[in-house]
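First the structure, in the form of structure tokens, and then the observations on it.
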Amino acid sequence: MRPGQIKPNEFELAILERLASKEPSLRGSVGQLHVLSRKFTGVGSFTTFVCEELPADASREPITLDDAIITMPGVPNGMGAVLFCKAGMPHCLEVYTYAGDYWEGVYDGFAIEPTRR
């Protein structure tokens, strides 16, 4: 990933596409997203997207990656994700490790695999 990249990267896009398969209303907005900021925490990341100014009371419904797990080399317990939306539009994608595993933000070799139910 290059610094200052304003489009979602391959990792973020794969997660967003998976979430859009659960919430089809997202499908049209995924290709239009612009990244405002990325913050890496050591156990995950927050990617904030440019979002129109909306009223403070606009709904903020989360969409979780609860039917899959992100496998990542060097992250033994896997990863999850949640997309926070404002009035149905993507606002912030949170990616996190399970069990507090360390992740430095490199996403080479990731896979999104269905969980067993």
### Query
Considering the range 75-98 alone, what residues qualify as being modelled with pLDDT of 95 or more and over 18 Å from Pro8 (Cβ atoms)?
Val75, Pro76, Asn77, Gly78, Thr97, Tyr98
## Note on the structure
Residue set Glu17, Glu12; condition open to solvent by 70 Å² or more (accessible area, probe 1.4 Å), at pLDDT 90 or above, within 17 Å of Met79 (Cβ to Cβ) and not aliphatic (A, V, I, L, M); output residue Glu17
## Note on the structure
Note on the range 22-51: residues hydroxyl-bearing (Ser, Thr, Tyr), loosely packed, with under 15 Cβ neighbours inside 10 Å and modelled with pLDDT under 90 are Ser25
### Message
Name the single residue that is surrounded by the most Cβ atoms within 10 Å (Cβ to Cβ) among those in the range 62-116 being part of a loop (DSSP other than H, G, I, E, B), touching a residue at least 40 places away in the same chain (Cβ under 8 Å) and touching an Asp or Glu at 6+ places or on another chain (Cβ under 8 Å).
### Response
Tyr107
### Message
For the range 14-42, give me each residue that is closer than 16 Å to Val82 by Cβ and assigned to a helix (DSSP H, G or I).
### Response
Ala14, Ile15, Leu16, Glu17, Arg18, Leu19, Ala20, Ser21, Lys22, Leu26, Val30
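The values are calculated or read from the model by the stated rules, or taken from the named source; none is laboratory data. All figures in this text were calculated on a predicted structure; none of them were measured in a lab. Ideal geometry is used to build each Cβ from the backbone, glycine not excepted, and the neighbour counts take in all protein chains shown. Just so you know, the surface numbers come from the protein's heavy atoms only, side chains and all, with ligands and any DNA or RNA stripped out. Shrake-Rupley method; radii C 1.70, N 1.55, O 1.52, S 1.80 Å.
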